[in-house]
Structures are given as C-alpha cells and as structure tokens.
1. What full-extension length gain, to one decimal in nm, is calculated for residue 60 and residue 129 as 0.36 nm per residue of separation minus the Cα-Cα distance?
2. Pairs of Cα atoms under 8 Å, at least six residues apart: use those to get the relative contact order of the range 60-139, whole percent.
3. Kindly put 138, 131 in sequence by how many other C-beta atoms sit within 10 Å of each C-beta, fewest to most.
4. List 108, 116 from most exposed to least, where exposure is judged by having the fewest other Cβ atoms within 10 Å.
5. How large are Rg and Dmax for the range 63-126 when calculated on the C-alpha trace, in angstrom?
6. Place a point 7 Å from Cα of residue 83 in the direction of its Cβ. Which residues in the range 102-140 have their backbone N less than 15 Å from it?
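Values in this text are rule-based calculations from the coordinates and carry no lab data. Nothing here was measured: the structure is a model prediction, and the numbers come from that model. Counting neighbours? That spans all protein chains shown, and the Cβs are built from the backbone with ideal geometry, glycine included.
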C-alpha cells in the first residue's frame, strides 16, 4: 500500500512538440487563411468532377441488351444519369451486355459481335447491383 500512495503523489510530465503548419498562420488573420484553403480544396474537387463528367459525356455508348430486362437497364441508366442509348439492333450497338448463361449458348451472337468488333460484357445475375457496377465499369 505505501507504494500506491507514493505513485499518486508523483507528478506526470508530458513532453510535446508544437505543430507547425507552413504558411497557414503566418498572416495576421488566420480565419482568412482557412477560408482560402477551403476554397482551394473545393475548387480542386469541382474541377476534377467537371473533367470526369466531360469525359463521360464525350463517350456515346449504345448498348444492346441480351436476356436482360430493357426497363431495368433504362431505370439504372436514368438513376446513374449517364448519356447511354439502348438499342434493339445489334449492328448499331457499341457494347453488348447480357446474362452469362444465355450468351454462352448463342454462338451466332458471339460470331456477329466478333465480326463487327463489338465487345460483350456479361453478368451472372440480372440484379440491379451487378448491372450498375458493370455499366459504371464500362463508362469509366
């Protein structure tokens, strides 16, 4: 017990180094510096998003869906707010997407896609999540 009392009476000394941020608080008005830093970071973020949206808008994607619901694709595209057209003619398509099981069985479609140099993308299930991820992958 005497050791416990002794340790309670001892002082704890904490050593620290002052944090120096270069250029942040050099001017007499630190609030002004924080605002300009905030504006710069938002400007960078906005310019990056504008560049990304421009690259998406420049690509005109025409999708032919095989064994996937046309309305489901339409809904996903509208929710993602992308410039994508759905077609019912394979020859006009720039991409073919469909269910893996059905696409493997259709040799004519594979041959036509190979002949026209149209890439084929497959999903295992007709779920909103898988189709959304696939479309995002194709667009990016």
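1. Details: separation 69, 0.36 × 69 = 24.84 nm, distance 2.25 nm.
Working it through step by step, the gained length comes to 22.6 nm.
2. Working: 105 pairs, mean separation 26.3, N = 80.
In percent, rounded to a whole number, it is 33.
3. So the ranking, lowest neighbour count to highest, is 138, 131.
4. On the way: 108 8, 116 13.
Final ranking by Cβ density, sparse to dense: 108, 116.
5. 11.6, 33
6. Under cut-off, by backbone N: 139-140.
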